[in-house]
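> Structure provided below as structure tokens; questions to follow.
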Amino acid sequence: MRCIHHHSTDPYFNIATDEYIFKHIEEDCFMLWRNDNAIIVGKHQNTLAEINVDYVKEKDIKVVRRLSGGGAVYHDLGNLNFSFTKTGENTEMVDFQKYTKPIIEVLQKLGVDAKFEGRNDLTIAGKKFSGNAEHVFKNKVLHHGTILYSSEMKDVSGALKINPLKYKDRAVKSIPKRVTNVADHLEKPISLEDFTERIMQHVIDTNPGARRYEFSEEDLAAIRKIRDEKYAKWEWNFGHSPNYNFRQGVRTEGGTLEMNLEVKKGMIKAVKIYGDFFGTKDISEVESLLTDIPHEEKAIKDKLATVDIEKFFHKMSVDDLISVMF
């Protein structure tokens, strides 16, 4: 088994790396890595329904869809991620407890009473510090998990907080749980770097034939290609969201404004605008303008810039319309 301590903190590159070790390295792998300031959403989730759009924009948080299912998670540099890839006889090798066992063993050696609970979580004193997900293709499994070590908890809650009434869809929803940092439960404080090394060494010691591996330049070039062509693209991160209906209202200087959208594969397919505003032109022109474009801020702004908004919505701005569409 190849054991990799991956030092990139670019979330697009790192999720691409997960795909690379899963699809392009035949040998089983174990990898430790960190993302800087990112929300990682599950494969089947409606991205916009999982994130606090204003908070994400303000904090410049990257949003990336992963290969596996499950819920959305917030990553910062206080969060350590681990990945296993393994080839087996059949898909029955999916086993959340098996792949999280090394993490629990290291923590128990440090005097922390960590436990596996529920479907895919690790907890300390009933609080979650690790969520896990798996993706299976043919006879191979990718298991990856998070470890909250010293994360900024206010960002964890702020980035994922969203009004559930905005969206109506059948997508998987993240269920918030009480969370905790590992560092708060250690008998003696150790650095995240030391903790990372302890996990790596434990995995090497408990897996015959395991050895450390550094990505080659060829590996890195292939990962960059996956990053640029897939994981850094709006089409993958937002456009793959399930179909949904969106409805939201706002009060502006020019009156109330309510936006109703039907979105399919990330594209706005129908628009209805209501409110008690005034205007000199028929808003059906704006509704048509916003149809068949991505439900994405730049695309919407570009379209709205082609008309005089004041003529449709007296005392309203493009920003007013943008604010009610997310």
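> Got a sec? Which of F13, F96 is over 24 Å from M267 (Cα atoms), among the hydrophobic types (A, V, I, L, M, F, W, C) and modelled with pLDDT of 95 or more?
F13
> Also, I was wondering about something else. Whether any residue in the range 90-99 is without any contact (Cβ under 8 Å) to a residue 12 or more places away in the chain and not in a loop (DSSP other than H, G, I, E, B) is what I want to check.
Yes, there is a match, as at least one residue in the range 90-99 is without any contact (Cβ under 8 Å) to a residue 12 or more places away in the chain and not in a loop (DSSP other than H, G, I, E, B).
> Also, I was wondering about something else. What helices (runs of 4 or more DSSP H), lying completely within the range 171-274, carry at least 2 residues that are in contact with a Ser or Thr (Cβ under 6 Å, 6 or more places away or on another chain) and surrounded by 16 or more Cβ atoms within 10 Å (Cβ to Cβ)?
In the range 171-274, there are no helices (runs of 4 or more DSSP H) which contain 2 or more residues that are in contact with a Ser or Thr (Cβ under 6 Å, 6 or more places away or on another chain) and surrounded by 16 or more Cβ atoms within 10 Å (Cβ to Cβ).
> Looking at the range 142-159, can you tell me whether even one residue there is at pLDDT 85 or above, out of contact with any helix residue (DSSP H, G or I) (no Cβ under 7 Å at 6 or more places or on another chain) and assigned to a strand (DSSP E or B)?
Looking through the range 142-159, at least one residue is at pLDDT 85 or above, out of contact with any helix residue (DSSP H, G or I) (no Cβ under 7 Å at 6 or more places or on another chain) and assigned to a strand (DSSP E or B).
> Out of all the residues in the range 28-46, which are touching a strand residue (DSSP E or B) at 6+ places or on another chain (Cβ under 9 Å) and not in a strand (DSSP E or B)?
D28, R34, N35, D36, N37, G42, K43, Q45, N46
> Please determine whether any residue of the range 141-162 is of a type in the set (D, E, K, R), surrounded by 21 or more Cβ atoms within 10 Å (Cβ to Cβ) and over 25 Å from V203 (Cβ atoms).
no
The values are calculated or read from the model by the stated rules, or taken from the named source; none is laboratory data. Just so we're clear, the structure is a prediction, and the values are computed from it rather than from any experiment. Note that we place each Cβ from the backbone using ideal geometry, even for glycine, and neighbour counts take in every protein chain shown.
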